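**Q** Quick one: the structure is below, and I'll ask about it shortly.
Every read-out reported here was derived from the displayed coordinates using simple, explicitly stated rules and does not represent laboratory data. Computed from a predicted structure; not experimentally measured. With ideal geometry, Cβ positions are generated from the backbone for all residues, glycine too; neighbour counts draw on all protein chains shown.
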Amino acid sequence: MGETELSIILLSAKVAFTAILCALVPAFAVAWLLARREFAGKSIVQALVTLPLVLPPVVTGYGLLILFGSKGTLGQLFENLFGISFAFRWTGAALAAGVMAFPLLVRPIRLSLEAMDRGLGEAARTLGASRLTVFFTVTLPLALPGIIAGAVLGFAKALGEFGATITFVSNIPGETQTLSLAIYALLQSPSGDAAALRLIAIAVALALAAIVASEYLARKLTAGARA
Amino acid sequence: MTVLDVDIRGRAGSFEIETAFQAGAGVTALFGPSGAGKSTLLKMIAGTARPQSGRIIAGGRTLFNSATSTNLPPEKRGIGFVFQDARLFPHLSVRKNLTYARWAGRRRASRAFDEVVSLLGLDDRLDAAPTTLSGGERQRVAIGRALLADPALLLMDEPLSSLDKARRSEILPYLETIRTEAGIPILYVSHETSEVARLADTVVLIENGRVTDSGPTAAILARLGLAAGSDPAEAGVILEGHVTNVDSAYHTAVIALGDDRIELTGNGFAPGMTVRLRVLAGDVAIANAPHDGLSIRNQLAATVDEIRRDGAYAMVALTLGGQRLLARITAKSSDQLALHPGEHVYALLKAVSVEMARLEPLSS
């Protein structure tokens, strides 16, 4: 494995991890709202969350460019408040990956929250636990398999994201050129087939490793909580 | 001493709850048909449902009072709750379920962990996962978990109704032990006469969200048996007495009820023990003179109190040694024996047809 390949993988991992880490908490919050609360506009929220899944990725990418580009309102807000810019930066790639992975994070978490016996929370309260304690000792551990499933699915999606990323932050080697973009770029050049094949093998290996790791983690965590 | 004082109005599904009652030490049963609002009432006391108005005072603390806008959250009420469906935390071991109140609720139990565990016979299941437990074991863990939260009052919402008959008789002795040894007042919701008869000291009858009657268990159940519309198959009385003799060869025990003696089958009884008997009206026959040569071992002199005819049947209330007995016989027999109030008769009782439970005197 050459130096370029390594840097491509590290960049992809950085983008995907950042995307999932930042998306996880809002995804849990949205999943919790959809599973546990009735409010006006619930179906609109649900539609918005699902949108990146059904919209052509190019459209999502263009939308991000309008909103989070250097002239976009949200882009300027982030620039002024946190000093984070997204345009043609790896942070933009992470944002695109996070938005695309969001529906895949929300769904399993929502399902695990809906499957949970609400009576368990009531029981915990009568045993002296506050709402917050119930959340950390009952709700969160029981939602954990859903969270892990969502995170793995989302991570795989983030790692492979192509359309929205290339539209939003372009294909800049060393900055926004993640695994998929690199493979695409190599396939465009007449001599890139061999190098592309190596990256493709790595992509397959990474996906398999992620799945195995998540299975192991899920089993370990459920067993660990009980002991 | 009043442990619980409830006077509330609220909604339970489609009907209004308007209930006022008090409960003291021992077991108070909230007894009534399914859907009478009993479970909602328990939720309101525990704080997981909110009454529209009124007040709830437990152990001298005001838990809810609409006049002063007091409404303590469930975790501040100090009230234990044993649910119909156990509600064990599936991701935690039996041990961590039992100690939940300590590590998550920051409660300090005055009862020792080991003591509660052995009281409920859970010693060798501590490291098991709740999903591997039987229904009866699950309910025992739920009871232990509530006890270890050090409640001032324990609410039980039909804790046996999700269990089959064999499991029920497995749990009942544990409930009897808790009732006598834990010393915590218990509010027990049930629609099963047999459970109420075995466990309750006081009964509060609830129908359509309202209290229709309340008083000592024996008196209420005797009144219920005579009431029109109650299930005659469930009609019966509670008698309390103490064991005088035990015949271990035949597995029988002689129980003294005032001046009367009755002989019953049963193991594990010792002279001096206080017992509670539930005698179903359908298991009592009436004769106008003592008879020899019967397999029925108990013939008790009694006086007819009252006769209620109901179609082909007659419910006869009898008095013996100051206690009440109900007999369900056919209307035809009643006429042929020419039964009338004040008449002296003999109540015949088969030794095998009586449910008997140990009853330690309540320390009051």
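**Q** Against the empirical 2.2 N^0.38 Å scaling, what ratio does the C-alpha Rg of the range A:1-119 come to?
**A** After normalising by residue count via 2.2 N^0.38 Å, the value is 1.23.
**Q** For the range B:151-161, just list the computed ³J(HN,Hα) in residue order, Karplus coefficients 6.51, -1.76 and 1.60, θ = phi - 60°, integers in Hz, with x standing in for Gly and Pro.
**A** x, 7, 7, 10, 9, 10, 9, 6, x, 9, 6
**Q** On to the next question. For chain B, take the longest principal axis of its alpha carbons; what is the angle in degrees between that and the long axis of helix B:165-181, to the nearest 10 within 0 to 90?
**A** 70 degrees
**Q** Just to check I understand the Karplus step: with θ = phi - 60° and J = 6.51 cos²θ - 1.76 cosθ + 1.60, what whole-Hz values come out for the range B:52-62, glycine and proline as x?
**A** Working through the residues one at a time gives 6, 7, x, 8, 10, 10, 10, x, x, 9, 7 Hz.
**Q** DSSP H helices in chain A with Cα extent of 30 Å or more along the helix axis and mean Kyte-Doolittle hydropathy at least 1.0? It would help to have the intermediate numbers written out before the result.
**A** Numbers: long enough: A:3-36 (48 Å, 1.60); A:90-115 (37 Å, 1.10); A:193-226 (50 Å, 1.19).
Sorted by number, the helices that extend far enough and score high enough are A:3-36, A:90-115, A:193-226.
**Q** Turning to a different aspect of this structure: Mind listing which trypsin sites (Lys or Arg not before Pro) in the range A:117-173 are in a DSSP loop and have 13 or fewer other Cβ atoms within 10 Å?
**A** Those that pass, being in a loop and sparsely packed, are A:R118.
**Q** For the range B:128-204 and the range B:48-70, what is the centre-to-centre distance using only Cα atoms, to the nearest Å?
**A** The range B:128-204 and the range B:48-70 have Cα centres spaced 26 Å from each other.
**Q** I've got another one for you. Tilt of helix B:217-226 relative to the longest C-alpha principal axis of chain B, in degrees (0 to 90, nearest 10)?
**A** On a 0 to 90 degree scale, this one is about 60.
**Q** Right, next: So if I place +1 on the C-beta of Lys and Arg and -1 on the C-beta of Asp and Glu, and nothing else carries charge, what would the dipole magnitude of the range B:4-227 be about its Cα centre? I want it in debye, nearest 20.
**A** Working: 28 positive and 24 negative charges, 148 e Å.
The calculated dipole for the range B:4-227 is roughly 720 debye.
**Q** Checking the a/c ratio against 1.5 first, then a/b against b/c, what shape does the Cα gyration tensor give for the range B:4-227? Show your work: numbers first, answer last.
**A** Values: a/c = 1.82, a/b = 1.29, b/c = 1.41.
It is oblate, given that a/c is not under 1.5 and a/b is not larger than b/c.
**Q** Once the convex hull of the C-alpha atoms of the protein assembly as shown is built, how many Å³ does it hold per residue, rounded to a whole number? Intermediate results must be reported in sequence, preceding the final value.
**A** On the way: hull volume 128.0 nm³, N = 591.
Output value, Cα hull per residue: 217 Å³.
**Q** Oh, and also: Name the residues whose placed amide hydrogens come within less than 5 Å of the amide hydrogen of B:G26, ignoring near sequence neighbours (fewer than 5 apart) on the same chain.
**A** Here the answer is B:I186, since their amide H atoms fall under 5 Å of that of B:G26.
**Q** Net charge around B:G26, counting only other residues with Cβ within less than 10 Å of its Cβ (Lys, Arg = +1; Asp, Glu = -1)?
**A** 0
**Q** Taking beta carbons within 10 Å but only from partner chains, what does the mean come to for residues B:144-150?
**A** 2
**Q** Here's another thing I want to ask about it. How much net charge surrounds B:I286 when only the other residues with a Cβ under 15 Å from the Cβ of B:I286 are counted, with Lys and Arg +1 and Asp and Glu -1?
**A** Details: positive: B:R308, B:R309, B:R324, B:R328, B:K332, B:K350; negative: B:D283, B:D305, B:E306, B:D335, B:E343.
So the surrounding residues net to +1.
**Q** Suppose a student asked you for the relative contact order of the range A:3-226, using Cα pairs under 8 Å spaced at least 6 residues apart; what percent would you report?
**A** It rounds to 29 percent for the range A:3-226.
**Q** Kindly work out what percent of the DSSP beta bridges joining two residues of chain B are antiparallel, to the nearest 5. List each step's numbers first, then the result.
**A** Values: 74 of 92 bridges.
Close to 80 percent.
**Q** Under the Karplus relation 6.51 cos²θ - 1.76 cosθ + 1.60, θ = phi - 60°, what is the ordered set of whole-Hz ³J(HN,Hα) values for the range B:195-211, x standing for Gly and Pro?
**A** 5, 4, 4, 7, 9, 7, 8, 10, 10, 10, 8, 10, 9, 6, x, 10, 7
**Q** A further question follows. If you count, for every residue in B:46-53, the Cβ atoms of partner chains within 10 Å of its Cβ, what is the mean?
**A** Per residue, the average neighbour count from other chains is 2.
**Q** So if we plug the beta-carbon distance of A:L10 and B:L126 into 1/(1 + (r/R0)^6) with R0 = 51 Å, what FRET efficiency do we get, rounded to 0.05?
**A** The calculated FRET efficiency here is 0.60.
**Q** At most 10 other Cβ atoms within 10 Å and a DSSP loop assignment: could you name the chymotrypsin sites (Phe, Trp or Tyr not before Pro) in the range A:1-83 that fit?
**A** Working: sites: A:F17, A:F28, A:W32, A:F39, A:Y62, A:F68, A:F78, A:F82; in loops: A:F39.
Listed in order of number, the matching sites are A:F39.
**Q** While we're looking at this one, here's another question. By per-residue mean of other Cβ atoms within 10 Å, what is the highest-first order of B:329-342, B:155-168, B:7-20?
**A** B:155-168, B:7-20, B:329-342
**Q** Above 25 angstrom, tally the Cα pairs of the range B:236-358 and express them as a % of all pairs, no decimals.
**A** Above the 25 Å cut-off, the range B:236-358 has 22 percent of its Cα pairs.
**Q** Quick query: amide H of B:A314 versus all other amide H atoms, modeled in the peptide plane; which residues come in under 5 Å with a sequence gap of 5 or more or a different chain?
**A** Counting only residues 5 or more places away or on other chains, the set is B:I329, B:T330, B:A331.
**Q** Continuing with this model, one more query. How many Cβ atoms of partner chains, on average, are near each residue of B:110-117 if near means within 10 Å of its Cβ?
**A** Working: counts 0, 0, 0, 0, 0, 0, 0, 0.
Taking the mean over all residues of the peptide, I get 0.
**Q** A further question follows. Which residues does a label at A:E114 reach in the range A:12-42, if reach means a backbone N under 13 Å from a point 7 Å past the Cα toward the Cβ?
**A** A:31-37
**Q** For the range A:1-78, which GluC sites (Glu not before Pro) pass both filters: DSSP loop (anything but H, G, I, E, B) and at most 10 other C-beta atoms within 10 Å?
**A** Values: sites: A:E3, A:E5, A:E38; in loops: A:E38.
Here the sparse-neighbourhood loop sites are A:E38.
**Q** Report the percentage of all Cα-Cα pairs in chain A whose separation exceeds 24 Å, rounded to a whole percent.
**A** So the pairs more than 24 Å apart make up 51 percent of the total in chain A.
**Q** Here's a follow-up. Over the range B:1-126, what relative contact order in percent results from Cα pairs under 8 Å that are six or more residues apart?
**A** 18 percent
**Q** Quickly rank B:294-304, B:30-40 as a protection proxy: mean count of other C-beta atoms within 10 Å, highest first.
**A** B:30-40, B:294-304
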